[in-house]
Ligand SMILES: C[S@@+](CC[C@H](N)C(=O)[O-])C[C@H]1O[C@@H](n2cnc3c(N)ncnc32)[C@H](O)[C@@H]1O
């Protein structure tokens, strides 16, 4: 996404980021001037800026496409997005006419008439049993319970999140879930527990109670996201400490029983 202009004012857009921030007052403007050197370089002097800053493509490029390709646009659904902070997905789904609810421990800044945001913990969501047609969780379940986002610590937070998602899903409803894939571990960066990584057996355990209908693995090779086999994914090297080298994209349904 490029920096744009609107009625002579600069629009504050992050590179490739659908969410951007515009200063609301003088203090914010001053702070913005102080800290916006990177975007000035990238937007105004790109040939110089791109020598200084690398543009990298995170796993969202395949994750959001996967979610959209598995939600029928023709049928308007009641959808819950879990862990929405920083994501434009709930708004995208709301724009298409779905009735969207989203939950996160962190506040969500975007609004839409078809979107209801609930700030809180996935373990205590205020929705009845069998309520949603679809639940989406993009790169969220692997974080739950590790405390990185100020969420309560639970060693089995990922499984507890899945159980709550199963509870609120209608019978026959779909969960669309994306998580890091590779050697089973918890990955750390500068001493902070970043996220869990799942292999095939741990994925099956995590999703017990749901029937896996689709599972594809994407890996990043030479800077590009491509479909890979689980074996290829296991051999991939991380290109950036804060980025995933491969992700599992899943559609799983709640049985009718
Ligand atoms: C890596 S972010 C993913 C955000 C988003 N889905 C996206 O597509 O970029 C993980 C999100 O999970 C949220 N989260 C972590 N633990 C949670 C919990 N117990 N309840 C609700 N949200 C939680 C975090 O606040 C964070 O916004």
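The values are calculated or read from the model by the stated rules, or taken from the named source; none is laboratory data. All figures in this text were calculated on a predicted structure; none of them were measured in a lab. Positions of Cβ are backbone-derived with ideal geometry, glycine not excepted, and every protein chain shown enters the neighbour counts.
This table checks each residue for (1) more than 15 Å from the ligand (Cβ to nearest atom); (2) surrounded by 18 or more Cβ atoms within 10 Å (Cβ to Cβ); (3) part of a helix (DSSP H, G or I).
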| site | (1), (2), (3) |
| --- | --- |
| 67 | no, yes, yes |
| 75 | yes, no, no |
| 84 | no, yes, no |
| 109 | no, no, no |
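Take residue 244 and decide whether it is crowded, with 16+ Cβ neighbours inside 10 Å, assigned to a loop (DSSP other than H, G, I, E, B), assigned by TED's automatic domain parsing to the domain that holds residue 105 and within 16 Å of the ligand (Cβ to nearest atom). Answer is yes for this residue. For segment 60-86, the set of residues classified as touching a helix residue (DSSP H, G or I) at 6+ places or on another chain (Cβ under 8 Å) and touching a residue at least 40 places away in the same chain (Cβ under 8 Å) consists of 64, 67, 71, 79, 80, 81, 82, 83, listed by residue number. Beta carbons closer than 6 Å, at least 6 apart along the sequence or on distinct chains, pair a first residue in segment 94-106 that is under 15 Å from residue 121 (Cβ atoms) with a second that is assigned to a strand (DSSP E or B) for 101/80; 101/116; 102/81; 102/117; 103/82; 103/118. The set of residues in segment 197-206 being closer than 21 Å to residue 167 by Cα and either in contact (Cβ under 8 Å) with a residue 60 or more places away in the chain or within 18 Å of the chain's Cα centre (by Cα) (or both) consists of 203, 206. Do the conditions hold for residue 129, that is, is it away from the ligand (no atom under 13 Å from the Cβ) and not in a loop (DSSP other than H, G, I, E, B)? Against the criterion (away from the ligand (no atom under 13 Å from the Cβ) and not in a loop (DSSP other than H, G, I, E, B)), residue 129 does not qualify. For residue 31, indicate whether it is outside the structural domain of residue 216 (by TED's automatic domain parsing), outside any loop (DSSP other than H, G, I, E, B), away from the ligand (no atom under 11 Å from the Cβ) and on the phi < 0 side of the Ramachandran plot. When the stated conditions are applied, residue 31 passes them. On the stretch given as segment 123-138, residues that are within 17 Å of the chain's Cα centre (by Cα) and either at pLDDT below 95 or surrounded by fewer than 20 Cβ atoms within 10 Å (Cβ to Cβ) (or both) total 0.
If I filter segment 46-59 down to residues being farther than 13 Å from residue 248 by Cα and touching a residue at least 24 places away in the same chain (Cβ under 8 Å), which single residue comes out as nearest to the chain's Cα centre (by Cα)? Going through the qualifying residues, I end up with 58. Quick one: is residue 122 within 16 Å of the ligand (Cβ to nearest atom) and farther than 29 Å from residue 191 by Cα? For residue 122, the condition - within 16 Å of the ligand (Cβ to nearest atom) and farther than 29 Å from residue 191 by Cα - is not met. The residues of segment 158-183 that are near the ligand (Cβ under 9 Å from one of its atoms) and surrounded by 22 or more Cβ atoms within 10 Å (Cβ to Cβ), listed by number, are 161, 178.
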